[in-house]
1. Nearest 10 degrees, 0 to 90: what angle lies between the long axis of helix B:258-286 and the longest principal axis of chain B (Cα atoms)?
2. Take the cross-link list B:LYS65/B:LYS85; A:LYS146/A:LYS218; B:LYS155/B:LYS337 and give me the ones stretching past 27 Å between alpha-carbons.
3. Sort B:42-49, B:293-300, A:31-38 by packing, meaning the average of other beta carbons within 10 Å per residue, with the highest value first.
4. Going toward the positive end of the dipole of the stretch B:152-371, with +1 on Lys and Arg Cβ and -1 on Asp and Glu Cβ, which of B:MET248, B:GLY329, B:LEU204 do you reach last?
5. Tell me which trypsin sites (Lys or Arg not before Pro) from the stretch B:230-311 have a DSSP coil assignment and no more than 16 other beta carbons within 10 Å of their own.
6. Non-local amide H neighbours of A:HIS57 (under 5 Å, H modeled in plane, Pro and chain starts lacking H): which ones?
7. For chain B, give me the percentage of DSSP beta bridges that are antiparallel, rounded to the nearest 5 percent.
8. Alpha carbon centre of the stretch A:116-139 versus the stretch B:12-74: separation in Å?
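The values are calculated or read from the model by the stated rules, or taken from the named source; none is laboratory data. Bear in mind the structure is a predicted one, so any value in this text is a computation, not a measurement. Ideal geometry is used to build each Cβ from the backbone, glycine not excepted, and the neighbour counts take in all protein chains shown. For accessibility, only protein heavy atoms count, side chains too; no ligands or nucleic acids. Shrake-Rupley method; radii C 1.70, N 1.55, O 1.52, S 1.80 Å.
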Amino acid sequence: MSIISVRDIHTQFDEKIVHKGLNLDINEGEIYGILGPSGCGKTTLLREMVLLQEFTHGNITILDKSLSNISQVNAQSLRRDWGVLFQAGALFSSLSIEENIALPLVEYTDLSLAMINEIVKFKINLVGLKSTDSKLYPSQISGGMKKKAGLARALAMDPKLLFLDEPTSGLDPISAREFDALILKLRDMLGLTVVMVSHDLRSIYDTLDRVAIIDEMKIAYEGTLSDVATSSSDFVKIFFK
Amino acid sequence: MASNLTYNLQGDKLSIKFSGELTLYTITTFQKQLQTISFKEVSLIALDLHELAYLDTAAAIFLIKLEEEYNTKSKKTRILCFNEKVLSTLELVKMQKTITNSEIKINDTKGLFLKSSIIKINKFFYGFLLFMEFFGKVSMTQLDYLKSLNNIRYKEIAFELNESAIKAIGIVALTSFLIGVVIAYQSAYQLKLYGANIFIVDMLGISILRELAPLITAIVIAGRSGSAFTAQIGAMKITQELDAMKTMGFDPFTFLVIPRIIALMIAMPLLIFIADIMGIFGGMIVSHIDLGISYELFLDRFREVVDVRHFFIGIIKGPFFAFLIASIGIYRGLIVKNDTQSIGLNTTKSVVESIFAVIVCDALFSIALTNLGI
Ligand SMILES: Nc1ncnc2c1ncn2[C@@H]1O[C@H](COP(=O)(O)OP(=O)(O)OP(=O)(O)O)[C@@H](O)[C@H]1O
Ligand SMILES: [Mg+2]
């Protein structure tokens, strides 16, 4: 069943056209990759999916809600159903790691503080951070730790959907592989649907079920990695040799 | 290794010999040296690189440009070189050059002035529309806030109150004290001439309570909190914290904007009150020392001649000034672009614009109140 469907998306910044009619479908429970050369508009597409940016034309449907002219109430309920990990983590710098993770729980639920603390501890362990790090502020931790903490925050509300923008870039190879394993584990345990942008070939082969490759403003290929050779795009030919 | 340029003119043949290491540090000297050579009779030029030990890419660009320049002056120019490394550097630069040349240039300069001014006007107008949109959103969220007490974010407001009121007390008090001292000192001199010493109380009372304390406070707060709002929110935009908030369903207007505006609107009247006290206190001390007016006399006279409405007018201005300062500061923070320069630019603009807005607002108050006869 398709959980996200993108139909004929056009995007334009001033004079610059980024997307010219993108179509793709993301199924429930799969790890879906958006690939393509630098500057082809992967981040832009992801931002459009999470309501941070408007597209010029076309429509995106997520969890049966259409994003064009979405009502405030529907938008708000979607936002509780997804978690987003930004390229640099985007933790709130005035809050410590555990406060960052606790924030959505504090705002959206009536859980007791003790309960919230338990949940936060669990999420911190889950993403592979040490519990001693939880009191630190974002300025005191490394880039990789920020990504992990950002993931823990994205997972705080047990979302159905997880959006990741280059989750393994800037991580050392060991952490990157751990991250991949974590994503796979989460999908299997929690039944998440994961949409991620990635340039990391290992991570692409290890985790992705299906991919969409954006090249020259269009989708050059959509499908499983085993059939990727059928695409005629130059980028695909070079990237997957 | 030092590098060297020697040239040798033989009839219509010029040979320019480079030796040593030709790098970006030596180009300018050579350029100057070459300009002194007169080429009139020359028709053949050889750029001799045989003794060159090292060539960097900047120097390669220089050599190729030199070759082109001489060629266009219809002198036959050749680069002589056997060194593989030097040749490959030259080749690399030539190749990049052909690539950049083949890229089509779209920039036409026709009608550039008209076009750029239209774009500027358009941008200005768009900026104005954006500010109006911001205003609209602020008002809507404010209304939502008032619908239910549960919506009010007390914690954020309290935090901002501490930041922009409690921590500002010292500087506001000191500034207004000094202003009181200065005003009293200057007017004491004039009043003494007429023997109208006691009127200093009327003067200080009305000018400080009604105009100076609110203005001084507003200027200090614009420089302090207005700039802080812009820088904080601008930085949050660059680190994508604002985006993160939005995707988590936390509306930046309820979480960041309204608490700051409300906090400042509460803080400002209190700060003006403190500025009133300190300003008058400063004036009182100078009156005592300079004009020999005792504190009791000063306060007695103060009660008699300074109407309480002057005090209230000063205080009432507070929330208005606060609203202007906070909304301009926050708006400037929200429109910061994704670069650090933009934070500096917008911070400067936010302070300048909010002080300007405060003064305009104060002028409007003056006109309105005078016409109302208050
Ligand atoms: N706010 C903006 N204003 C103007 N142009 C933009 C804006 N955001 C993105 N672009 C343009 O859109 C194009 C796509 O950008 P995007 O960030 O989506 O690329 P990307 O595929 O994520 O690249 P990368 O792999 O390098 O992260 C780029 O050419 C960029 O110049
Ligand atoms: Mg990107």
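1. Orientation of helix B:258-286: about 70 degrees from the principal axis.
2. Among B:LYS65/B:LYS85; A:LYS146/A:LYS218; B:LYS155/B:LYS337, the Cα-Cα distance tops 27 Å for A:LYS146/A:LYS218; B:LYS155/B:LYS337.
3. Those peptides, ordered most packed to least, come out A:31-38, B:42-49, B:293-300.
4. Comparing the listed Cα positions along the dipole, B:MET248 ranks first.
5. Passing sites in the stretch B:230-311 do not exist.
6. For A:HIS57, the qualifying residues are A:HIS10.
7. 35 percent
8. The distance from the Cα centre of the stretch A:116-139 to that of the stretch B:12-74 comes to 64 Å.
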